[in-house]
Amino acid sequence: MKKRLYLPRVEDKNSNMKMLKVSSYDDLVLSSMNILEPTLVDSSGNPREDVMQATDPVDLFIVPGLAFDKFGGRLGRSGGYYDMFLKNYQELIKKKNWKQPLLVALSYSVQIIENGRIPTTPYDVPVDALVTASGFIPISSVAFKYCH
């Protein structure tokens, strides 16, 4: 089975972000925020596939964060880009009757709050699992299914 890779591209300062399909490192350019992002068009000049227009569901999203708790709470950079994108994607999968993707955060162990919770709002989307150098830490029931 061939895998597809979608990477984020920030669209504006209103927390709008796209996930665009890439096939090589050459598809990336340095953004104004000094982050490598996909170009809007491929090397042939064709628009890149946006995950929101994909014909198949995504299995896994890797989401960033500054800190995490063991309840799925994630502290981002307060822009809301990932939370807004993930809410929109969740609406799409409901309409298409697709399976919920696994939301995983890569983390150093020092970024995980052992006791307590990260303050969240109703707009914050929790992660299903954390991955550290020590291994996979399942949080949600969806993530626990991947362990067995």
Neighbour-limited loop hits for chymotrypsin sites (Phe, Trp or Tyr not before Pro), segment 92-148 (at most 11 other Cβ within 10 Å; DSSP other than H, G, I, E, B): Y108, Y123
The chain: relative contact order in percent, alpha carbon pairs under 8 Å with at least 6 residues between: 20
Distance between segment 1-37 and segment 62-105 - C-alpha centres, whole angstrom: 16
Anisotropy class of segment 17-119 from Cα gyration tensor, a/c 1.5 cut: oblate
Within the chain, longest stretch clear of exposed trypsin sites (Lys or Arg not before Pro) (DSSP loop, no more than 16 other Cβ within 10 Å): 14-69
Given charges at beta-carbon only (K, R positive; D, E negative), |dipole| of segment 9-100 in Debye: 420
Among the listed pairs K70/K94; K70/K95; K2/K99; K2/K70, those beyond 21 Å (Cα-Cα): K70/K94; K70/K95; K2/K70
Lys/Arg +1, Asp/Glu -1 at C-beta; the chain dipole; positive extreme among V127, L7, M17: V127
Tilt relative to the chain, helix 81-96 - C-alpha long axis, 0 to 90 degrees, to 10: 80
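Quick note: the coordinates plus some simple rules give every number you see, no bench work behind them. These numbers were taken from a predicted model, which means no experiment stands behind them. Counting neighbours? That spans all protein chains shown, and the Cβs are built from the backbone with ideal geometry, glycine included.
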